[in-house]
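Nothing in this text is a laboratory measurement; each read-out follows from the coordinates by a stated rule. Here the structure is a predicted model, which means the values were calculated and not measured. Heads up, the Cβs are rebuilt from the backbone with ideal geometry, glycines too, and the neighbour counts pull from every protein chain shown.
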Amino acid sequence: YNICFQSLKENSGSSVADVTGLAQIMVKVMKAKANDGLNKIHQLQRVRNIGARKALSSCGDKYKAILVADIPQAIEALEKGDPKFAEDGANDAANEASYCESEFNGKSPLTIQNNDMHDVSVVTAAMVRQLL
């Protein structure tokens, strides 16, 4: 609930948006969170030990998939009035973040980013589900 409220409160258009408009705002928030995650991965790749490089590389691929596949799918589906595919894109993004978190044996250096990405995506999927 908090992540939804905070995300929508920060967007001035949310007060007059319908459910589709709110979902579109949340997809933009997903994109911002995915970019934050990818930037953190690139930062960590410059300083982390070799053991973490494989996990970071895998996570980088997952965040790139969110940015080039899941988010565009959700945007296009909402624009075309096909909420099921938008929901699928948001759920896929949530799963990618969870998979990234599990890449690390022990404590992930991306827990904050992965949790943010997962939570925003789950909220977006729930919002889109209201359009089905």
**Q.** Length released on extending from Asp82 to Lys107, taking residue separation times 0.36 nm less the Cα-Cα span
**A.** 5.2 nm
Q) When only DSSP loop residues count, what chymotrypsin sites (Phe, Trp or Tyr not before Pro) in the stretch 1-101 have their Cβ near at most 13 other Cβ atoms within 10 Å? A) Tyr1
**Q.** Charge dipole of the stretch 18-129 about the Cα centre (unit charges at C-beta), most positive-ward option of Gly106, Met127, Gly37
**A.** Gly106
Q.
Can you list which of the DSSP-assigned H helices in the chain have a Cα extent of 27 Å or more along the long axis and an average Kyte-Doolittle score of at least 0.0?
A. 19-47
Q.
Exceeding 27 Å between C-alpha atoms, which entries from my cross-link table qualify? They are Lys9/Lys107; Lys64/Lys84; Lys28/Lys62; Lys64/Lys107; Lys40/Lys84.
A. Lys9/Lys107; Lys40/Lys84
Q: Using only the alpha carbons, work out the radius of gyration and Dmax of the chain in angstrom.
A: 15.0, 49
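Let's see if you can work this out: charge +1 on each Lys and Arg Cβ, -1 on each Asp and Glu Cβ, no other charges. What is the dipole magnitude of the chain about its Cα centre, in debye to the nearest 20?
Values: 15 positive and 16 negative charges, 121 e Å.
Charge dipole of the chain: 580 debye, to the nearest 20.
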Q. Between Val68 and Ser15, 0.36 nm times their residue separation minus their Cα-Cα distance comes to what?
A. 16.2 nm
Q. In the chain, which cysteines lack any other cysteine Cβ under 4.7 Å from their own?
A. Cys4
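When the helix-only estimate is applied to the chain (DSSP H runs of n ≥ 4, each -39,500 (n - 2.57), divided by the residue count), what is the mean residue ellipticity at 222 nm, nearest 500 deg cm²/dmol?
-26000 deg cm²/dmol
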